[in-house]
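One structure below.
The values are calculated or read from the model by the stated rules, or taken from the named source; none is laboratory data. This is a predicted model, so every value here is computed, not measured. For neighbour counting, all protein chains shown are included, and Cβ atoms are generated from backbone atoms with ideal geometry for every residue, glycine included. Surface areas here come from the heavy atoms of the whole protein model, side chains and all, with no ligands, DNA or RNA. Shrake-Rupley method; radii C 1.70, N 1.55, O 1.52, S 1.80 Å.
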Amino acid sequence: MGWTTHRAIEMKKILLTTLVGSALFMSGCIGAGKISTIKYNGAGQFPSLTGIDLHGQEREIPKSFSGELNIVAVAFQRQQQKDVDTWIPKIDTLIEGSDALKFYEIPVIYEVNMANRMFINNGMRAGIEDDKARSRTITVYTSREDFIKFMSMEEDDIYILLLNKDGEILWRHKGAYDADAFKDLNDVIKDIQR
């Protein structure tokens, strides 16, 4: 294949990507977001990352977390959403009416190309119609291996974390909802807020 043919194919790909992106943008869909680098902030700290919420806004994590205390659900695989969902009703009752306590869902996904990121973001957006849930779901595309290493996690499970406004991890739990773990989380929050 000559250079001219190769160049024509590349130009067609760029044009197609632009047209698809424009169509998605005009139809109320969100963009791809970007692949984030990870800044290790030390042991016991949540790393600094960039993600995209389901309104299409770029979010710096944990800097953009708005609570004095922030409950964070971290998941690595699509099927883990069912485990995250076991926590949501209990966490919602905990944060209800509180300006100091917020909740975020952070899906951590491998670095995939722009088309796949757009597909994933808009698939999640379509599945979550609640405005509040769209705001608190921040998808991160990054080196999952590095994130898992920095956080001493395993990708086969979800994690529920409690962070202060500086990103310090004050409490953590691995796995689906557990009544004893929820009581422990609630007790930690009460102790901190005294």
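Report in % the part of the accessible area of region 30-181 that belongs to carbon and sulfur, leaving out ligands and nucleic acids; probe 1.4 Å.
48
Give me the three principal axis extents of region 79-194 from the C-alpha atoms, as integers in angstrom, largest value leading.
Principal axes ranked by extent give 47, 33, 26 Å for the Cα atoms.
Kindly work out what percent of the DSSP beta bridges joining two residues of the chain are antiparallel, to the nearest 5. Intermediate results must be reported in sequence, preceding the final value.
On the way: 19 of 30 bridges.
Counting DSSP beta bridges with both partners in the chain, the antiparallel share is about 65 percent.
List, in order, the whole-Hz ³J(HN,Hα) value for each residue of region 91-98 obtained from phi through the Karplus relation with A = 6.51, B = -1.76, C = 1.60 and θ = phi - 60°; use x for Gly and Pro.
5, 4, 5, 5, 8, 3, x, 9
Charges on Cβ only, +1 for Lys and Arg, -1 for Asp and Glu, centred on the Cα centroid of the chain; of ILE52, ILE158, TRP171, which one is farthest towards the dipole's positive end?
ILE52
Looking at the P(r) of region 70-117, how many percent of alpha-carbon pairs lie beyond 18 Å?
41
With every protein chain kept in place and ligands, DNA and RNA left out, what is the accessible area per residue of the chain? Probe 1.4 Å, answer in Å². Don't skip to the end; give the middle numbers.
Details: 10800 Å² over 194 residues.
Solvent-accessible surface per residue comes out at 56 Å².
Under a Cβ-only charge scheme (Lys and Arg +1, Asp and Glu -1), can you give me the dipole magnitude of the chain about the Cα centre, in debye to the nearest 20? Intermediate results must be reported in sequence, preceding the final value.
Numbers: 24 positive and 28 negative charges, 165 e Å.
Using only the charged Cβ atoms, the result is roughly 800 debye.
Non-local amide H neighbours of THR137 (under 5 Å, H modeled in plane, Pro and chain starts lacking H): which ones?
Hits under the 5 Å cutoff: LEU54, GLU105.
For LYS63, list the aspartates and glutamates whose Cα falls under 19 Å from its own Cα; do not include residues on the same chain fewer than 8 positions away.
Result set, ordered by chain and number: ASP53, ASP99, GLU105, ASP166, GLU168.
For the chain, build the convex hull from the C-alpha positions and give me its volume per residue in Å³.
In the chain, the Cα convex hull volume per residue is 130 Å³.
Taking 4 °C and 1.567 mPa s as the conditions, I'd like the Stokes-Einstein D for region 52-138 in µm²/s, using the Kirkwood hydrodynamic radius from alpha carbon pairs. It would help to have the intermediate numbers written out before the result.
On the way: Rh = 13.7 Å.
Rounded, D is 95 µm²/s.
Hey, got the dipole for region 25-131? About the Cα centre, +1 on K and R Cβ, -1 on D and E Cβ, debye to the nearest 20?
Values: 10 positive and 14 negative charges, 96 e Å.
Charge dipole of region 25-131: 460 debye, to the nearest 20.
I need to check one value: relative contact order of the chain, counting alpha carbon pairs closer than 8 Å and at least 6 residues apart, in percent. Walk me through the intermediate numbers first.
Values: 312 pairs, mean separation 52.9, N = 194.
With pairs under 8 Å counted, the relative contact order is 27 percent.
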